[in-house]
Amino acid sequence: MEPKETIMTGNNLAVPDDCRPLFALMNQVRALAPWKWMEETDLFGVQHPTTGEIAFVSIMGMAGEHYAISAYQGAHGLYGFQHMQDMGPYVQPQDLLNTPQLQASFEDREMLDKHDLHLIKSLGLKYRGRQVWPQFRSYRPGYVPWYLESSEAQFLHYILEQVTVVAPRVQQQPKILDPYNDHHYLVRVPQRNGETLHWEDQILPVEKPAPLRLVIEVDPALLEAVKRLPREKYTVEADVFMLPTAIGEHGQRPYFPYMLMALDATHDQILGFDLLSPIPSLEKMWGQVGLTALKQLVNSGAMPTEIRVRDSLLYGMLMPFVKELKLKVKQVKGLPMLDRARVELDGFMHRR
């Protein structure tokens with residue numbers, strides 16, 4: 001989903017002069033056309049000269065459908081990319097949106113919004129044709145893909161410079177990006193000599209990021225209310241999913257809300273649907289999911305025979321309550337009744 005068509009002037013957003021080098025580098029990348037010999041999985045890293053953060057560069061376009069440079073940020077970005085590769089055709093939109101990255105792409109003019117076009121016009125640049133208009137976006141978990149901040153524009157500057165250096169080397173030596181061993185990657189590392197940066201190759205390990213540290217919220221009064229519920233023979237399907245509708249104040253980076261939906265699959269009745277905010281963080285949001293699910297049970301008026309969930313995190317958020325509340329929670333691959341309700345919900349939202 002693209003940001004609203006409005007020219008943004010927030011204090012942290014990159015100004016035209018921040019982006020001028022990016023457009024020049026994108027011209028070089030387009031002339032180079034590295035997607036002719038580099039696949040999306042031919043990754044290399046670029047280390048930020050100041051912060052030390054490493055972004056892992058993927059060049060897209062070998063199939064001729066979408067030309068772009070994505071720089072997946074840190075271990076979370078790298079392993080998020082690998083997860084999407086593993087999922088293949090089953091990857092979900094939220095997998096992409098929640099993988100931190102900076103992206104520079106070549107688009108058709110109609111894919112650009114007023115902010116993009118204003119940036120190009122203010123720099124005195126002109127483009128003509130399909131898939132030649134540069135567009136820059138920042139992806140952060142929970143948020144809508146958004147315009148670059150000044151610091152992100154600087155990092156993307158370094159990244160695109162290294163694309164123009166590394167890609168020709170790969171053309172001559174295709175095996176230089178082959179994995180050296182598990183979790184090790186070629187990384188372009190800057191060395192500062194006064195005001196000048198010199199870049200060198202290093203083979204660096206990148207371990208999987210630590211699991212999310214979630215603090216599960218507990219409400220004793222709510223637990224007691226659930227314990228008092230009568231037990232009835234019915235099955236609940238429950239799921240947490242991202243909604244495709246952006247929320248945000250004018251001039252601020254919007255976010256995608258999540259929804260926790262529970263449905264009585266035995267009687268085909270929705271028990272509850274609650275909006276969840278990923279702000280200030282997805283970790284904070286997930287810590288509240290268990291209590292929200294219990295509130296939906298209380299509102300339903302009866303304890304079900306079984307709760308079926310698909311999402312691993314939702315399953316994990318309910319497990320701490322299983323023993324005390326004598327809940328039966330089962331993780332399954334499919335939620336046919338709930339998915340049908342989601343389709344109806346999506347249709348309703350798009351008609352509005």
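The values are calculated or read from the model by the stated rules, or taken from the named source; none is laboratory data. This one's a predicted model, so the numbers in the text were calculated from it and none came from an experiment. Here the Cβ positions follow ideal geometry from the backbone for every residue, glycine too, while neighbour counts run over all protein chains shown. In case anyone asks, the SASA skips ligands and DNA or RNA and just uses the protein heavy atoms, side chains included. Shrake-Rupley method; radii C 1.70, N 1.55, O 1.52, S 1.80 Å.
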Residue tally, condition modelled with pLDDT of 95 or more and of a type in the set (K, R), over the range 148-205: 2
The range 180-213, residues that are in contact (Cβ under 8 Å) with a residue 24 or more places away in the chain and not in a strand (DSSP E or B): H183, V206, E207, K208, P209, L212, R213
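Which of the residues belonging to the range 294-322 are of a type outside the set (A, V, I, L, M, F, W, C) and within 22 Å of L212 (Cβ to Cβ)?
R310, D311, S312, Y315, G316, P320
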Complete set of residues in the range 251-262 that are part of a loop (DSSP other than H, G, I, E, B) and open to solvent by less than 80 Å² (accessible area, probe 1.4 Å): G251, R253, P254, F256, P257
Residue that is farthest from G77 (Cα to Cα) [pool: residues in the range 124-147 that are hydrophobic (A, V, I, L, M, F, W, C) and either open to solvent by less than 10 Å² (accessible area, probe 1.4 Å) or part of a strand (DSSP E or B) (or both)]: W133
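For every residue, the table says whether it meets (1) closer than 14 Å to G142 by Cα; (2) of a type in the set (D, E, K, R); (3) touching a residue at least 60 places away in the same chain (Cβ under 8 Å).
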| site | (1), (2), (3) |
| --- | --- |
| P244 | yes, no, yes |
| G248 | yes, no, yes |
| Y255 | yes, no, yes |
| M261 | no, no, yes |
| D268 | no, yes, yes |
Candidates L338, L297, filtered to the one that is of a type outside the set (S, T, Y), out of contact with any Phe, Trp or Tyr (no Cβ under 8 Å at 6 or more places or on another chain), closer than 16 Å to D268 by Cβ and in contact (Cβ under 8 Å) with a residue 12 or more places away in the chain: L338
Filter pass, D95 being of a type in the set (D, E) and over 18 Å from T41 (Cβ atoms): no
Residue match in the range 263-272 (condition: within 22 Å of L335 (Cβ to Cβ), at pLDDT 95 or above and open to solvent by less than 20 Å² (accessible area, probe 1.4 Å)): yes
All positions within the range 94-112 that are more than 14 Å from M60 (Cβ to Cβ), of a type outside the set (D, E) and over 8 Å from the mean Cα position of the chain (by Cα): R109, M111, L112
Any hit, the range 54-68, residues being polar (S, T, N, Q), buried (at least 16 other Cβ atoms within 10 Å of the Cβ) and in contact (Cβ under 8 Å) with a residue 24 or more places away in the chain: no
Positions within the range 230-263 being out of contact with any helix residue (DSSP H, G or I) (no Cβ under 7 Å at 6 or more places or on another chain) and among the charged types (D, E, K, R), in sequence order: R231, E232, K233, E249, R253
Counted residues, the range 109-138 - those being aromatic (F, W, Y) and either under 20 Å from G251 (Cα atoms) or at pLDDT below 95 (or both): 1
Evaluation of D274 against (1) without any contact (Cβ under 8 Å) to a residue 24 or more places away in the chain; (2) farther than 16 Å from L222 by Cβ; (3) touching a Leu at 6+ places or on another chain (Cβ under 8 Å) (one fails), failing number: (2)
Exclusive hit being surrounded by fewer than 20 Cβ atoms within 10 Å (Cβ to Cβ), of a type outside the set (G, A, S) and modelled with pLDDT of 95 or more, set E306, E283, E324: E306
Count of the range 91-123 residues which are among the charged types (D, E, K, R) and either touching a residue at least 40 places away in the same chain (Cβ under 8 Å) or open to solvent by less than 40 Å² (accessible area, probe 1.4 Å) (or both): 6
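This table checks each residue for (1) in contact with a Phe, Trp or Tyr (Cβ under 8 Å, 6 or more places away or on another chain); (2) surrounded by fewer than 16 Cβ atoms within 10 Å (Cβ to Cβ).
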position: L204; (1), (2): yes, yes
position: A225; (1), (2): no, yes
position: L243; (1), (2): yes, no
position: E249; (1), (2): no, yes
Selection from the range 167-179 of residues that are out of contact with any Pro (no Cβ under 7 Å at 6 or more places or on another chain) and touching a residue at least 12 places away in the same chain (Cβ under 8 Å): P168, V170, Q171, P174, L177
Flag if E237 is within 28 Å of Q94 (Cβ to Cβ), among the charged types (D, E, K, R) and assigned to a loop (DSSP other than H, G, I, E, B): no
